[in-house]
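Every number in this text was worked out from the coordinates using simple rules, so none of it is lab data. Just so it is clear, the model here is predicted, and its values are computed rather than measured. Here Cβ is always computed from backbone atoms with ideal geometry, including for glycine, and neighbour counts include all displayed protein chains.
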Amino acid sequence: MSKEQVYIFDTTLRDGEQVPGCKLDTKQKLEIAARLDELGVDIIEAGFPVSSPGDFHSVELISKLVKNASVCGLTRAVKKDIEVAAEALKHAKRPRIHTGIGTSDSHIKHKFNSTREEIIERAVAAVKYAKSFVEDIEFYAEDAGRTDNEFLARVCEEVIKAGATVLNIPDTTGYCLPHEYGAKIKYLKENVTGIDKAVLSCHCHNDLGLATANSIEGVINGARQIECTINGIGERAGNTSLEEVVMIMRQHPYLNLDTNINSKLLYSTSQMVSHNMGMIVQPNKAIVGANAFAHSSGIHQDGVIKNRETYEIIDPHDVGVTESSIVLTARSGRAALAYRAKIVGYELTKLQLDDVYKVFLEYADRKKEVLDEDIHDIIKDSKINI
Ligand code: KIV
Ligand code: ZN
């Protein structure tokens, strides 16, 4: 049975770029956009054109550059924003306007000093106006995570009638638990008239470390687009991490869901974004962290040397990492030492290995990590005949 496609909406250049102190210049944005297109994302959210002349310019240039993906520009439910976005996107092969408004009672009261009825009117007007410029309109119901489901369903129904093609259900504050977010998507699937005319999209923030889990619950319950960023970057605790959701769907075939992503480009794309933003990837980051395929404890190393699958659920080649690494530390065993010694040119017998291992442990207690160049000294100090 062929798998159902989940569209990947990358917002590294918009929500991701909201990381304090990590602004990208236009050249860097273009380089990242070209790579995202090559990676196979379906939609690139290139920026928020009305926010600054610089953002307008980069959305315009990205629109000209991108060959395959749809290019999207963010707006508020404000006429001027929509006009400016349409102008910035006019050279895009597949332009999308992403417009919306806060729908939770908190946003309605504190941000807009408005009422639910007025919010629906503004949402519908924004979608209709955006539709006068482009066909593909995504509507976001900001703070949908904390919006009452019945009201959210009404908003969705009205914006579909007005022409929205995608409904973004953001958990803007990262508040939802996975089962709650999944239930919200299911509720919309089951209760919004006309829902078959639109794609439901998950846009989850990571304030409680649940962005990936929530997005996956979303697609399990019927959403068919995930909004995410490379390395999960974004404001506060960040957005859903692209590499995580893509590999979860690949590693769990029974979900029967897949994306267009060329996973072999994940590691190099992660490095490129990290380098351009000056933002290191935490070493224990799933999929793309420096330690994601590194083994340092003796028991694990012994297993991985015998068969990689004993302690790895992903083949590192599948995400563009050249190989698993066996890191030598004081927790390493003889198998790991013999393995690395062989790589640097020493085939040790069992007796030789016993002697070398004693010296190795002394080194390892002094150093955090024993490197390949240290192995030569260790062999020399162990005074074995080689
Ligand atoms: O988190 C959010 O609600 C957003 C919207 C503007 C789409 O980023
Ligand atoms: Zn967001």
Please turn the phi angles of segment 60-75 into ³J(HN,Hα) values with the Karplus equation 6.51 cos²θ - 1.76 cosθ + 1.60 (θ = phi - 60°), one per residue in order, whole Hz, x for glycine and proline. 5, 5, 5, 4, 6, 7, 6, 9, 10, 6, 6, 10, 10, x, 8, 9
Measure out, as a whole number of angstrom, how far apart the alpha-carbon centroids of segment 319-356 and segment 15-42 sit. 39
Which trypsin sites (Lys or Arg not before Pro) from segment 59-122 combine a DSSP loop assignment with at most 14 other Cβ atoms within 10 Å? K67, K90, K93
Selected from N214, N149, N206 as most flexible by GNM, with the chain as the system and alpha-carbon contacts under 10 Å: N149
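Which percent of the Cα-Cα distances in segment 294-382 go past 18 Å? Can you show the working numbers first?
On the way: 1625 of 3916 pairs.
Above the 18 Å cut-off, segment 294-382 has 41 percent of its Cα pairs.
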Amide H to amide H, which residues 5 or more places from Y140 or on other chains are under 5 Å from it, using H placed in the peptide plane? T99, G100, I101, N168
Quick check: convex hull of the Cα atoms in the chain, volume per residue, rounded to a whole Å³? 152
Rounded to whole Hz and in sequence order, give me ³J(HN,Hα) for segment 372-377 from the Karplus expression 6.51 cos²θ - 1.76 cosθ + 1.60, θ = phi - 60°, writing x for Gly and Pro. 4, 5, 5, 4, 4, 5
K27: which lysines have alpha carbons under 26 Å from its alpha carbon, excluding same-chain residues fewer than 8 sequence positions away? K64, K67, K90, K93, K264
For all pairs of alpha-carbon atoms in segment 154-255, what percent lies in each bin of width 5 Å, listed from the first bin to the last filled one? 3, 14, 25, 22, 18, 12, 6, 0
Length-normalised contact order of segment 4-277, Cα under 8 Å, at least 6 apart, in percent, tallies to 20
If you place +1 on the Cβ of every Lys and Arg, -1 on the Cβ of every Asp and Glu, and leave all else neutral, what size is the dipole of segment 294-382 about its Cα centre, to the nearest 20 Debye? 240
Per-residue ellipticity at 222 nm attributable to helices in the chain (runs of n ≥ 4 DSSP H, -39500 (n - 2.57) apiece, nearest 500 deg cm²/dmol) works out to -13000 deg cm²/dmol
Using +1 on the beta carbon of Lys and Arg, -1 on that of Asp and Glu, and nothing else charged, what's the dipole of the chain about the Cα centre, debye to 20? 300
Please report, in whole Å, how far the alpha carbons of segment 192-311 spread along each principal axis, starting with the longest. 58, 36, 27
Cα to Cα, under 23 Å, and not fewer than 8 places away if on the same chain: which lysines meet these conditions relative to K342? K306, K350, K358, K367, K368, K380, K383
